Amino acid sequence: MSRLLVFLAFVFGPAALAQPALPTGAWTGTLQWRDAEPVALDGTLEECAEGLKLALASGGGAYQADEVLRLDAEAEAPALRFRLANTQRRYDLACAAERQADGTFAGRCQTDEGVWARLELQPPAQSLIGCSE
């Protein structure tokens, strides 16, 4: 019996400790346009029954994201892709951020006209389990 338990721990132990491709929980970051101060972003990424749910907003309420469009979780460097709306100036941004060597995500958000801003996101140190819905 003890051999069976050791075998099961060896086989299933690493899988039980594995982190998801994208850490869920509270995320922070910045969006920075050329020659402008960075805009702070805060939010949550949750894994719900229907898929990933992203709620991301700026402190002033100008920027809001509410869904993940595509997740490249199987890629060598997982990427987060979503749309971010500027609710004050009424334009949308297509955003993409790839995982960096230090665990953060960096990329850019771009308007339909091709104007872009640098995006940096810091995931939580440890993933949370569950969904708020």
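No lab work stands behind these numbers, since they all come straight from the coordinates. As the structure is a computational prediction, the values presented were derived from the model and not from experiment. Positions of Cβ are backbone-derived with ideal geometry, glycine not excepted, and every protein chain shown enters the neighbour counts.
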Task: Where labels lie 7 Å past Cα in the beta-carbon direction, separation of Tyr91 and Glu47 in nm - done: 3.6
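Nothing charged except the Cβ atoms of Lys and Arg (+1) and of Asp and Glu (-1): what's the magnitude of the dipole of the stretch 23-122 about its Cα centre? Round to the nearest 20 debye.
The calculation lands at about 300 debye.
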Open item on the list: Spelling out what I want: for every residue of the stretch 44-57, take phi, set θ = phi - 60°, compute 6.51 cos²θ - 1.76 cosθ + 1.60 (Karplus), and round to whole Hz; glycine and proline get x.
Closed with: 9, 10, 10, 9, 9, 4, 8, x, 6, 10, 10, 10, 9, 8
Open item on the list: What distance in nm lies between label points placed 7 Å from Cα along the C-beta direction at Ala40 and Ser132?
Closed with: 1.8
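When each pair of different Cα atoms in the stretch 23-122 is counted once in the 1/r mean, what is the Kirkwood radius in angstroms, to one decimal?
13.6
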Task: Leading residue at positive end of dipole, the stretch 23-122 (Cβ point charges), from Leu56, Thr24, Val39 - done: Val39
